[in-house]
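Mind having a look at this structure? Questions to follow.
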Amino acid sequence: MNECLFCRIAAGEIPSTKVYEDEKFYSFMDINPQAKVHALIIPKKHYADMAELSAADAALAGEMLKKACLVAEKLGLKNGFRLITNTGADARQSVRHTHIHILGGEELSERMG
Ligand code: AMP
Ligand code: ZN
């Protein structure tokens with residue numbers, strides 16, 4: 001059995017609130033929102049982090065950014081949004097399946113780190 005939480009979410013083995021899905025990506029609401037609107041988008045194929053994904057498949061990484069913007073539009077974030085992808089220990093990446101956070105729905109903090 002796959003031990004990776006986000007692989008299991010993408011496969012529908014663990015429930016999530018789906019926002020968007022296509023053949024390569026899955027997007028769902030974050031379980032512990034850090035803004036009024038907080039979603040995540042993941043590639044269905046497992047890459048530990050954005051460094052690994054972008055090195056292995058830059059086209060897929062670019063497509064993921066495009067889809068993150070599409071999800072922001074779907075979520076009605078007309079006034080702006082923030083995309084964050086924590087990569088590695090210093091960034092406090094807690095789930096080692098790369099993901100982009102999509103944050104918005106309110107004016108966000110001036111600080112990012
Ligand atoms: P990061 O710290 O950048 O690795 O982000 C991991 C994110 O995944 C956090 O914002 C968590 O709240 C979120 N998360 C963890 N488990 C779940 C889950 N089962 N469903 C939705 N979001 C989750
Ligand atoms: Zn995974």
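The values are calculated or read from the model by the stated rules, or taken from the named source; none is laboratory data. Source: prediction; values computed, not measured. Heads up, the Cβs are rebuilt from the backbone with ideal geometry, glycines too, and the neighbour counts pull from every protein chain shown. The protein model used for the area step is the full one, side chains on, heavy atoms only, and it has no ligands, DNA or RNA in it. Shrake-Rupley method; radii C 1.70, N 1.55, O 1.52, S 1.80 Å.
Over 21 Å between C-alpha atoms is what I'm after, so list which of LYS24/LYS78; LYS45/LYS78; LYS45/LYS66; LYS24/LYS74 land there.
LYS24/LYS78; LYS45/LYS78
Something else now. Is the chain rounded, prolate or oblate when judged by the Cα gyration tensor, a ≥ b ≥ c being the square roots of its eigenvalues, rounded requiring a/c under 1.5 and prolate requiring a/b larger than b/c?
Rounded, since a/c falls under 1.5.
Ordering ARG8, ARG111, ARG92 from largest to smallest accessible area (1.4 angstrom probe), what's the sequence?
ARG92, ARG111, ARG8
Related question: Is the range 72-113 best put as rounded, prolate or oblate by its Cα gyration tensor, with a ≥ b ≥ c the root eigenvalues, rounded for a/c under 1.5, and otherwise prolate when a/b is larger than b/c, oblate when not?
Note, shape of the range 72-113 comes out oblate.
Additional query: How high is the FRET efficiency between MET112 and MET29 when r is their beta carbon distance and R₀ equals 25 Å, given to the nearest 0.05?
Taking R0 as 25 Å, the efficiency between MET112 and MET29 is 0.70.
Tell me the per residue accessible area of the chain using a 1.4 Å probe; a whole number in Å² is fine.
For the chain, the per-residue accessible area is 62 Å².
Among GLU23, GLU52, GLU13, whose mean-square fluctuation peaks in a Gaussian network model of the chain (Cα, cutoff 10 Å)?
Of GLU23, GLU52, GLU13, the Gaussian network model singles out GLU23 as fluctuating most.
What percentage of the solvent-accessible surface of the chain, computed with a 1.4 Å probe over protein heavy atoms, is contributed by carbon and sulfur atoms?
51
Could you name the aspartates and glutamates whose alpha carbon sits less than 13 Å from that of LYS36, not counting residues in the same chain fewer than 8 places away?
The reachable aspartates and glutamates, counting only those whose Cα sits under 13 Å from LYS36, are GLU106, GLU107.
Let me ask something additional. Calculated FRET efficiency, GLU73 and ASN2, Cβ-Cβ r, R0 30 Å, to nearest 0.05?
Between GLU73 and ASN2 the formula returns 0.45.
Run the lone-cysteine check on the chain: no other Cys C-beta under 4.7 Å from the residue's C-beta.
When partners are defined as cysteine Cβ atoms under 4.7 Å apart, the chain leaves CYS69 without one.
Hey, what angle do you get for helix 58-74 against the long axis of the chain, alpha-carbon based, 0 to 90 degrees rounded to 10?
40
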